[in-house]
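Single-structure report; data block below.
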Amino acid sequence: MTYAPRNERYARAAQALAEAMAELQAKNRKDVPSRSASCYEEDRKLLAAKREELERMAERLLEKETLDEDDVRQILGSSEN
């Protein structure tokens, strides 16, 4: 069995790693925009669904500047302790 010199093995390993990274970067460039758009749409829907609570919280913040846990529970209508 013959081994390549150490520097040559490192060079081949580095080249293989660089190729794998390039493939991953190309895949991410393709996938990330669609994932970002999906997350944006989910966030937009959640904010729209919770708009009333968010507006009540914003009004209370304008009055008090800070909210504690009890304030938030009251605003959200939660009776949990």
Subset of the stretch 23-48 [surrounded by fewer than 10 Cβ atoms within 10 Å (Cβ to Cβ) and under 30 Å from G77 (Cβ atoms)]: A48
Would you check if there is a residue in the stretch 8-22 being within 30 Å of G77 (Cα to Cα), hydrophobic (A, V, I, L, M, F, W, C) and in a helix (DSSP H, G or I)? no
Within the stretch 56-65, does at least one residue satisfy the condition of being surrounded by 10 or more Cβ atoms within 10 Å (Cβ to Cβ) and either at pLDDT below 85 or in contact with a Pro (Cβ under 7 Å, 6 or more places away or on another chain) (or both)? no
If you check every pair at least six apart or on different chains, which have Cβ atoms under 8 Å apart with a residue in the stretch 58-74 that is aromatic (F, W, Y) first and a residue that is outside any helix (DSSP H, G or I) second? none
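The values are calculated or read from the model by the stated rules, or taken from the named source; none is laboratory data. Everything quoted here is computed from the prediction, not taken from an experiment. Note that we place each Cβ from the backbone using ideal geometry, even for glycine, and neighbour counts take in every protein chain shown.
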